[in-house]
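Written below as structure tokens is the structure these notes are about.
The values are calculated or read from the model by the stated rules, or taken from the named source; none is laboratory data. What you see is a predicted model; the values in this text were computed from it and never measured. Counting neighbours? That spans all protein chains shown, and the Cβs are built from the backbone with ideal geometry, glycine included. Ligands, DNA and RNA are excluded from the accessible area calculation, which covers all protein heavy atoms including side chains. Shrake-Rupley method; radii C 1.70, N 1.55, O 1.52, S 1.80 Å.
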Amino acid sequence: MADADDVLLRLDQVYTDIGRYQILHGVDLKVRRGHVTMLLGRNGVGKTTTLRTIMGLWKARQGQMVFDGQAIAGMATPDIAQLGIAYVPEGMGIFAKLTVRENLLLATAPRGFVQERLDRVFECFPALKLKWDSAAGLLSGGQKQMLAIGRAIVEKRRLLLVDEPTKGLSPVVVDQFVAAFLALKAEQTTVLLVEQNFHIARAMGDEVAVMDQGKIVHSGAMAALSADEALQQRLLGLSLGAGE
């Protein structure tokens, strides 16, 4: 069990409605410092809503959200971002008419690039250096996703919220993303990551939380879920084999 000082983000009994629909039904979640926490679950169970609620894009109707000791429920999204939280949505969130350079520069405003952080982006995604002066809208799907994540890490962040970064990408590009996240993990970056591909989740995750019907129904070590086929089948409808 995580020590209180080890928890960077905590959600307690968070309820979120979208219009007349109740999406989150009392989410309890802990994200440990310097760890990658995978948020798993079938489609439509509330994973994206959880990330958007943390970021203040949708307001929680009830419950507490605490980031490094500070209550953030009800805060405006820009104020949450100022605390060092970055969000990479499933739709990537890049500016298609701007160049790669301009997209990254906007993410560093107002101070501009810090070379060390820019070098880190290029180490993770060399294609962005090659496409430096290209319009983002002309990039391939994989390169657009690289740019979206590059925007999130070009500044030093305390927490990354990432929604399905590998969805629809080729296996070669997926391998690049796995390598990039493992590099971020090695430098103790804290990440909460939604991912549908269990093989990828198993490769990257330290902890895992599984959602169903708007709440967390399982949390624990990723290694324990990876080793338990029966639990995978019950929670996710998977049957992968622990050794795959």
What residues qualify as long-range amide H neighbours of Leu98, i.e. H under 5 Å apart, gap of 5 or more or another chain, H built at 1.01 Å from N? Ala136, Gly137
Radius 11 Å from Cβ of Arg157, net charge of other residues (Lys, Arg +1; Asp, Glu -1): +3
Which translational diffusion coefficient, to the nearest whole µm²/s, is obtained for region 129-169 from the Stokes-Einstein equation, given a Kirkwood hydrodynamic radius over C-alpha pairs, 10 °C and 1.306 mPa s? 140
Using the Kirkwood radius over Cα pairs, work out the Stokes-Einstein diffusion coefficient for the chain at 4 °C and 1.567 mPa s, in µm²/s as a whole number. 70
Rounded to the nearest 20 debye, dipole of the chain from Cβ charges on Lys, Arg, Asp, Glu: 680
Hey, if you drop one equal point scatterer on each alpha-carbon of region 149-244 and run the Debye formula without solvent, what base-10 log of I(q)/I(0) do you get at q = 0.18, 0.22 Å⁻¹? -0.91, -1.27
Convex hull projection area averaged over all views, region 111-182, Cα basis, nm²: 5.2
By the scheme Lys and Arg +1, Asp and Glu -1, what is the net charge of all other residues having a beta-carbon under 13 Å from that of Gly137? +2
Stretch gain in nm, segment Arg234-Glu102, where the contour uses 0.36 nm per residue and the Cα spacing is subtracted: 42.9 nm
Given charges at beta-carbon only (K, R positive; D, E negative), |dipole| of region 1-46 in Debye: 220
How much length is gained if the chain between Ser134 and Ala179 is pulled fully straight, taking 0.36 nm per residue apart and subtracting their Cα-Cα distance, in nm to one decimal? 13.8 nm
Region 27-170: mean projected area of Cα convex hull, nm²: 9.4
Along region 44-54, what does the Karplus equation 6.51 cos²θ - 1.76 cosθ + 1.60 (θ = phi - 60°) give for ³J(HN,Hα), rounded to whole Hz, x for Gly and Pro? x, 9, x, 5, 5, 4, 4, 4, 5, 5, 4
Give me a comma-separated list of calculated 3J(HN,Hα) values for region 132-138, in order, Karplus coefficients 6.51, -1.76, 1.60 applied at θ = phi - 60°, integers in Hz, x for any Gly or Pro. 3, 9, 8, 5, 4, x, 8
Within the set of other residues whose C-beta is less than 9 Å from the C-beta of Tyr87, count the net charge using Lys and Arg as +1 and Asp and Glu as -1. 0
Solvent-accessible heavy-atom area per residue, rounded to whole Å², over the chain at 1.4 Å: 47
Cβ-placed point charges (K, R +1; D, E -1), dipole of region 69-138 about Cα centre in debye, nearest 20: 160
Can you tell which of Leu159, Leu11, Ile149 lies farthest toward the positive end of the dipole of the chain, using +1 and -1 charges on the Cβ of basic and acidic side chains (Lys, Arg; Asp, Glu)? Ile149
Rounded to a whole number, what % of the accessible area of the chain do carbon and sulfur atoms account for, probe 1.4 Å? 51
D_trans [Stokes-Einstein, Kirkwood Rh over alpha-carbon pairs] for region 39-96, 25 °C, 0.890 mPa s, µm² s⁻¹: 196
Ranked highest first by average number of other Cβ atoms within 10 Å, how do 133-142, 80-89 line up? 80-89, 133-142
